[in-house]
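**Q** Shown below is the structure under consideration.
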Amino acid sequence: MSTAISRTWEHAVVTGGAGFVGSHLCSALLAAGAAVTCVDDFSTGRPENVTPLLERPGFTLVRADVAEGLPVVRPPDLVLHFASPASPADYLRLPLHTMEAGSSGTRNTLRLAREAGARFVLASTSEVYGDPRQHPQEERYWGNVNPVGPRSVYDEAKRFGEALTTAHAEAHGIDTCIVRLFNTYGPRMRGHDGRAVPTFVRQALAGEPLTVTGDGRQTRSLCYVDDTVAGVLAAAAHGMRGPVNIGNPSEITMLDLARLVIELTGSGSGVHYIERPVDDPAVRCPDITLARDKLGWEPRVGAEEGLRRTIAWFRAEAGH
Ligand code: NAD
């Protein structure tokens with residue numbers, strides 16, 4: 001793990017804890033000795049992600065929509081708000097739910113943190129930078145987001161969530177932190193969630209062509225999930241308010257990613273070019289100077305190693 005700063009928590013509430021990142025976060029917190037309450041409505045998460053945790057002492061699963069409220073009995077000392085559809089396929093299918101998770105859901109989780117006197121961490125996103133005019137993106141950059149484009153339900157919900165978190169910190173003195181996660185990948189992603197890594201891995205393992213959008217020259221920076229979780233927990237442990245970028249600055253084009261997945265799976269698949277989605281960002285790369293300097297955190301898992309682990313998990317899941 002790449003965390004330099006650590007802190008002991010008694011009881012953490014993780015909203016969206018049955019999702020991809022949230023379930024890894026629950027596991028890491030349990031391993032660190034915290035009791036964990038996972039609040040999830042399973043709108044995009046999977047029960048299988050947390051079923052093994054139900055046997056662990058200190059783990060509680062609460063099925064609830066955070067936009068409606070958080071029926072959490074035991075006061076937490078840490079609240080991590082990760083509940084939100086995150087893949088474009090999900091948030092385009094669930095536009096209003098996504099905006100509610102970012103607005104009412106953020107308000108309700110902030111209220112829980114305030115009542116308990118807990119530290120609050122908001123999972124924001126590199127999508128707040130939109131189709132960026134600054135590269136790489138540092139936290140001071142305000143972004144380039146189309147407020148009425150198809151992606152706005154997610155981007156603007158997250159931007160509103162950041163504003164709401166900042167306002168609550170100012171108005172009520174809540175101990176808040178905003179982490180801006182960049183593209184994260186790893187085991188437990190859904191093969192059909194529409195994001196590049198699970199799509200390419202699923203297609204390569206099935207011997208289908210890998211669907212690359214546009215000319216494939218658009219870039220993303222891919223962070224392995226263990227590194228992301230370590231970065232989030234380091235930011236939680238630190239007193240910083242953020243926002244802080246958590247991501248891997250190593251950038252790769254989508255075409256190179258497709259080729260790498262083909263090579264690592266040993267697949268005979270080729271590449272098939274399809275239309276690029278509206279407002280799809282051309283580049284994406286975090287400036288992680290702040291996280292390096294303040295948290296002593298940086299990613300440790302390279303693309304090849306992270307993809308190997310992800311491919312192994314998908315193979316096991318699919319029985320390949
Ligand atoms: P995911 O879809 O796998 O997980 C989201 C979880 O939230 C799911 O379990 C879902 O059921 C739950 N959820 C959604 N709406 C809810 C609601 N109203 N009430 C209760 N539960 C709800 O997505 P993920 O990739 O794990 O993303 C988790 C968080 O991290 C999201 O907030 C996302 O915006 C943020 N993030 C993720 C990435 C990434 O690359 N994975 C990048 C940037 C930010």
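The values are calculated or read from the model by the stated rules, or taken from the named source; none is laboratory data. These numbers come from a predicted model, not from an experiment. Using ideal geometry, Cβ is built from the backbone for each residue, glycine included, and neighbour counts are taken over all protein chains shown. Just the protein is used for accessible areas: all its heavy atoms, side chains included, with ligands, DNA and RNA removed. Shrake-Rupley method; radii C 1.70, N 1.55, O 1.52, S 1.80 Å.
**Q** Restricting attention to segment 104-128, and to residues there that are open to solvent by 10 Å² or more (accessible area, probe 1.4 Å) and more than 11 Å from the ligand (Cβ to nearest atom), which single residue is nearest to residue 13 (Cα to Cα)?
**A** Among those that are open to solvent by 10 Å² or more (accessible area, probe 1.4 Å) and more than 11 Å from the ligand (Cβ to nearest atom), it is 112.
**Q** May I ask you to say which residue of 165, 213 is at pLDDT below 95, more than 9 Å from the ligand (Cβ to nearest atom) and touching a strand residue (DSSP E or B) at 6+ places or on another chain (Cβ under 6 Å)?
**A** Exactly one of 165, 213 is at pLDDT below 95, more than 9 Å from the ligand (Cβ to nearest atom) and touching a strand residue (DSSP E or B) at 6+ places or on another chain (Cβ under 6 Å), namely 213.
**Q** Another one. Only strands (runs of 3 or more DSSP E) wholly contained in segment 218-320 count here; list those with 2 or more residues that are under 30 Å from residue 146 (Cβ atoms) and of a type in the set (A, V, I, L, M, F, W, C).
**A** Numbers: elements: 219-221, 244-246, 251-253, 271-274.
The qualifying strands (runs of 3 or more DSSP E) are 244-246, 271-274.
**Q** Now, a different point. Determine the pairs where a residue that is open to solvent by 40 Å² or more (accessible area, probe 1.4 Å) and among the basic types (Lys, Arg), located within segment 38-57, has a partner that is near the ligand (Cβ under 6 Å from one of its atoms) and at pLDDT 95 or above with Cβ atoms under 7 Å apart, the partner being 6 or more residues away or on another chain.
**A** 46/18
**Q** Next question. If the requirement is being assigned to a strand (DSSP E or B), within 11 Å of the ligand (Cβ to nearest atom) and surrounded by 24 or more Cβ atoms within 10 Å (Cβ to Cβ), which of these qualifies: 80, 25? Even if it seems obvious, please write down each step before you answer.
**A** Details: 25 fails: assigned to a strand (DSSP E or B).
The match here is 80.
**Q** Applying the selection to segment 12-33, what residues are of a type in the set (Gly, Ala, Ser) and in contact with a helix residue (DSSP H, G or I) (Cβ under 9 Å, 6 or more places away or on another chain)?
**A** Selection gives 12, 16, 17, 18, 19, 22, 23, 27, 28, 32.
**Q** Let me ask something additional. Here are the criteria: (1) near the ligand (Cβ under 9 Å from one of its atoms); (2) at negative phi; (3) open to solvent by 20 Å² or more (accessible area, probe 1.4 Å); (4) in a loop (DSSP other than H, G, I, E, B). Tell me which single one residue 66 does not satisfy.
**A** Going through (1) near the ligand (Cβ under 9 Å from one of its atoms); (2) at negative phi; (3) open to solvent by 20 Å² or more (accessible area, probe 1.4 Å); (4) in a loop (DSSP other than H, G, I, E, B) one by one, residue 66 breaks only (3).
**Q** Within segment 225-280, can you find the residues that are open to solvent by 10 Å² or more (accessible area, probe 1.4 Å), within 16 Å of the ligand (Cβ to nearest atom) and hydrophobic (A, V, I, L, M, F, W, C)?
**A** 233, 252, 254
**Q** Here is a check on your reading of the model: is residue 72 modelled with pLDDT under 95 and buried (at least 18 other Cβ atoms within 10 Å of the Cβ)? Before you say what the answer is, go through the steps one by one.
**A** Values: modelled with pLDDT under 95: yes; buried (at least 18 other Cβ atoms within 10 Å of the Cβ): yes.
In short, yes.
**Q** Same structure again: Out of the residues in segment 191-210 that are over 22 Å from residue 284 (Cα atoms) and within 15 Å of the ligand (Cβ to nearest atom), which is surrounded by the most Cβ atoms within 10 Å (Cβ to Cβ)?
**A** So, considering only residues that are over 22 Å from residue 284 (Cα atoms) and within 15 Å of the ligand (Cβ to nearest atom), the one surrounded by the most Cβ atoms within 10 Å (Cβ to Cβ) is 191.
**Q** Residues of segment 75-99 being in contact with an Asp or Glu (Cβ under 7 Å, 6 or more places away or on another chain) and among the charged types (D, E, K, R), which ones?
**A** Answer for segment 75-99, where residues must be in contact with an Asp or Glu (Cβ under 7 Å, 6 or more places away or on another chain) and among the charged types (D, E, K, R): 77, 90.
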